[in-house]
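Following: one structure in structure tokens, then a few remarks.
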Amino acid sequence: MSIDLGAKYVWHNGEFVAWDDARVHVMTNALHYGTGVFEGIRAYYNGNQLYIFRLREHVARLLNSIKLYGFGIDYGSEELSKAIKDTLIKNGFRADLYIRPLAIKGLGPIGLDVRKLKTEVFIIAMPYGKYFEKEGIEVIVSSWRRLSGQTVPILAKVTGHYVNSVLAKLEALNRGFDDAILLNEQGRVCEGSGENIMAVKDGIIITPPLSAGILDGITRRSLMEVAGDAGFRIVERDMERSELYTADELFFVGTAAEITPILKVDGRTVGSGNVGPVASKLKILFTDVVKGRVDKYRKWLDPVW
Ligand code: PY5
């Protein structure tokens, strides 16, 4: 049983294993209880150099996720950053990539006492293009609410939290849509199944704040800075569901989604129904940033060799 995603080696606890040997036992605790943390990172190849986008921030978030659950991990940020680069070198990649560090609670008996279980660390990387095939997508507002910060530490990117996202995603797909927007328990706009959200109204970019229960997205933060520099006004504030239907533009932002315009919500056309001017502009600016063409933001890029 295997899947070919264009990679040869996976980093596992300090060693490289062949792709097909990167396996776990069925008694791996994380399979039973969702006790794993992960990251999604992109690397961009500009024909010359391979750059990892905001590596430091992603590794820091991974370690924060571990901390929020008290899982423990044998590696620090320097070691993990080096391991990520080594994985890309070992695989000999010369392409745009998706990198998936995964730290999971390993082998153990039945039960929830994970204190003595080893945290197994894997670094998986693969050539990767678009998360959404279409340039603009159609979404629903999910009937499921986003997990609240009173139920789980929502700032942690934990595998178990993603059953909530899968429910919303499946609801959308089964109804013929591409993805879902989740509201929080207060009924305010939270985020997509695996993306943050931004709206544009009268030229102003609006995005829900951390207090709405969103994941602290690295793409969201990066875009707020890039858009601010480009002269856009950005406001972090709670958004009513009804604002989704009256927005001039809506787009998802995230590592996998990058900037993905939303053309319809619940069957209602957003703005003109086409990719809007703000999303178009941000897409161009963001591509320049991630490809290393903007001096000011080269600090966000880690060259692999
Ligand atoms: N919100 C959620 C729930 C997410 O899963 C993600 C990232 C984001 C927001 C955006 O965060 P960032 O900009 O830091 O990536 N989701 C992952 C991704 O790689 C996994 C998606 C399946 O984009």
Can you list which of the GluC sites (Glu not before Pro) found in region 126-176 are DSSP loop residues with at most 14 other C-beta atoms within 10 Å? Glu133, Glu135
A correct Karplus calculation of ³J(HN,Hα) over region 35-43, with 6.51 cos²θ - 1.76 cosθ + 1.60, θ = phi - 60°, whole Hz and x for Gly and Pro, returns 8, x, 10, 8, 9, x, 10, 10, 10
Could you give the nm distance between label points at Arg145 and Lys299, where each point is 7 Å from its Cα heading toward the beta carbon? 4.0
Full extension from Val17 to Asn46: what is 0.36 nm times the residue separation minus their Cα-Cα distance, to one decimal in nm? 7.6 nm
Given Cβ point charges of +1 (Lys, Arg) and -1 (Asp, Glu) and nothing else, what value in debye, to the nearest 20, does the dipole of region 137-290 about its Cα centre take? 200
Average accessible area per residue (Å²) across the chain - probe 1.4 Å, nucleic acids and ligands excluded: 47
Using the alpha-carbon centroid of each, what span in Å lies between region 271-295 and region 236-266? 15
Which of the GluC sites (Glu not before Pro) across region 40-122 are loop residues per DSSP, with 13 or fewer other Cβ within 10 Å? none
Taking 0.36 nm per residue of separation between Leu173 and Lys130 and subtracting their Cα-Cα distance, the length gained on full extension comes to 13.7 nm
Mind counting lysine pairs for me in region 9-127? Cα separation below 14 Å, and the two need to be 8 or more apart along the chain or on different chains. 4
What does the convex hull of the Cα atoms of region 184-302 come to per residue, in Å³, rounded to a whole number? 102
Give the separation of the Cα centroids, region 16-39 to region 141-186, in Å. 23
Using the beta-carbon distance between Arg241 and Ala60 and R0 = 35 Å, what value does 1/(1 + (r/R0)^6) give for FRET efficiency, to the nearest 0.05? 0.60
Distance in nm between label sites at Asp4 and Asp202, each 7 Å beyond Cα in the beta-carbon direction? 5.6
Quick one: dipole size for the chain, taken about the Cα centre, charges +1 on Lys/Arg Cβ and -1 on Asp/Glu Cβ, in debye to the nearest 20. 380
If you take the Cα atoms of the chain, find Rg, then find the Kirkwood Rh from the mean of 1/r over all pairs, what is Rg/Rh? 0.96
Bounding extents of region 1-51 in its principal axis frame from Cα atoms, largest first in Å, are 43, 22, 22
Quick one: give the max-minus-min coordinate of the C-alpha atoms of region 1-102 along each principal axis, largest first, in Å. 42, 34, 19
If the chain between Glu185 and Val166 were fully stretched, how many nm would it gain, using 0.36 nm times the residue separation less the Cα-Cα distance? 5.1 nm
The chain, relative contact order in percent, only Cα pairs under 8 angstrom and at least six apart counted: 20
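The values are calculated or read from the model by the stated rules, or taken from the named source; none is laboratory data. These figures come from a predicted structure and were not determined experimentally. Don't worry about glycine lacking a Cβ; one is built from the backbone with ideal geometry, like all the others, and counts go over all protein chains shown. Surface areas here come from the heavy atoms of the whole protein model, side chains and all, with no ligands, DNA or RNA. Shrake-Rupley method; radii C 1.70, N 1.55, O 1.52, S 1.80 Å.
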